[in-house]
Each structure stands twice: as structure tokens, then as C-alpha cells.
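The structure appears below as C-alpha cells.
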């Protein structure tokens, strides 16, 4: 009996010592080591890839898209249409152009794709004006018309053939922070007019914030909208 009690006590003691050692190693030493290495080597990424404005204030993350809309006249009216603030470069639509998705405003709470096929609403395999309302084809066509109308100025008419796919479709997550260089360039004349800037200035701004393929071959060239608009804000305020 005494031997059994002694053995049990030794086993409990060994278990408690192992628990203490593993807690210190895995719960204290390892997290501190990983955090220290991340802060030293990948400081920006470890802190959320924050973007700061000219004053040093954090305005967002380069990993998460944002909307640039005019404030509602009645914030409590859910049915009131949201209008883009045309002073700023606009991101790609958030998760399905609105009504066909639970995430319409780059919400961090909900993320996901619309799960609609590319020919949803197509007639004979083609998206036409005959597409049924509420289908993906109808929404893409409506978005294309809006892009053309919003970005055409007195001295520059947008060619419908110039509208890239990312201007009228959302990403799989609905939180894409980037747009294609083609979509950024399409917005240049409108942004220049709205902010009373020279077109050449805005062209240079877009060129400076265009990132090429990762390692020269992975992914596609892209423009981070938040970084671009942060630089635009600094430019318009001198």
C-alpha cells in the first residue's frame, strides 16, 4: 500500500514538473523568442502591415481594402444608396457588388466570395442587357456603366473596352486591397479633375505606387489603393 502511494506521489510530482517545464518553454520562452525575432526581422509585417499618413497616424493596413464613399445624408437609412467619393481612387467592388453578398463594405467581420458562376445571368453564354436583374451579369454590366460614367471627364471619355475585370468584380475574399495598374490608370483623369491636379502629377503618383510581380514572376502587377490614396492626400495638402 505504501509503495503504491509513493509511486503515485512520484508520478504526480514528475507530471507537475513536466507541466511546469513545458509551460515555461512553450508558454513563455518560445512566444517571446518568436515575437522578438518577428519584431527584429519583420517589424512592419509583425505589426499588421500598418500604413501611416504624413503625420505618422495609422490609417489602415496594406492587407485590407477600404471603401472611399461619401457620408450618407441619413446614416440610419439602410436603403439609402452609397455613393463613391470621386476625389479618391476607388478599390474593386467589395464581395459581389453589394446586393448579392453579406459583405458589401469591406467588413472585417464577414469575408468570402459570392460563389456565383461567371455566366450567372448570361444569355446564350454572353452577358447582355437582357440579363435578369440580380444576376452577376446584370450587376457587372451596371458596374461597368457606373465606372464609365464616374471616370469620364469633360476632356476624357472612358472607352468601354478599357474597363478591366477588377473594376466590376470582387475578389474571392471581398477584402482585396489592390487594384490592377489598368484600373488605377483609368481613374487618373477623374482624380486629377476632382482634386484640381495636373494629369501628369497623378500619372506619376500611380507609377510610383505600382508594384511589379513578386520576385519578377509571381502574381500580377498591382497598386495598393490605401497607399495610393494616402500619398494623394499628402499631395493635395502640400
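The values are calculated or read from the model by the stated rules, or taken from the named source; none is laboratory data. What you see is a predicted model; the values in this text were computed from it and never measured. A quick note on method: Cβ atoms are made from the backbone with ideal geometry, for glycine too, and the neighbour counts reach across all protein chains shown.
Overview of results
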quantity: Helices (runs of 4 or more DSSP H) completely within region 164-238 that count 2 or more residues being in the same structural domain as residue 152 (by TED's automatic domain parsing) and either touching a residue at least 40 places away in the same chain (Cβ under 8 Å) or under 26 Å from residue 111 (Cα atoms) (or both); calculated: 181-186, 188-194, 225-236
quantity: Condition check for residue 63: surrounded by 11 or more Cβ atoms within 10 Å (Cβ to Cβ) and touching a residue at least 40 places away in the same chain (Cβ under 8 Å); calculated: yes
quantity: Some residue of region 141-150 being surrounded by fewer than 21 Cβ atoms within 10 Å (Cβ to Cβ) and at positive phi; calculated: no
quantity: Boolean, residue 3 is under 34 Å from the mean Cα position of the chain (by Cα) and either assigned to a loop (DSSP other than H, G, I, E, B) or without any contact (Cβ under 8 Å) to a residue 40 or more places away in the chain (or both); calculated: no
quantity: Residue 159 vs. criteria within 19 Å of residue 88 (Cα to Cα), modelled with pLDDT of 90 or more and exposed (fewer than 12 other Cβ atoms within 10 Å of the Cβ); calculated: no
quantity: Residue in region 69-77 that is in a loop (DSSP other than H, G, I, E, B), exposed (fewer than 11 other Cβ atoms within 10 Å of the Cβ) and modelled with pLDDT of 85 or more present; calculated: yes
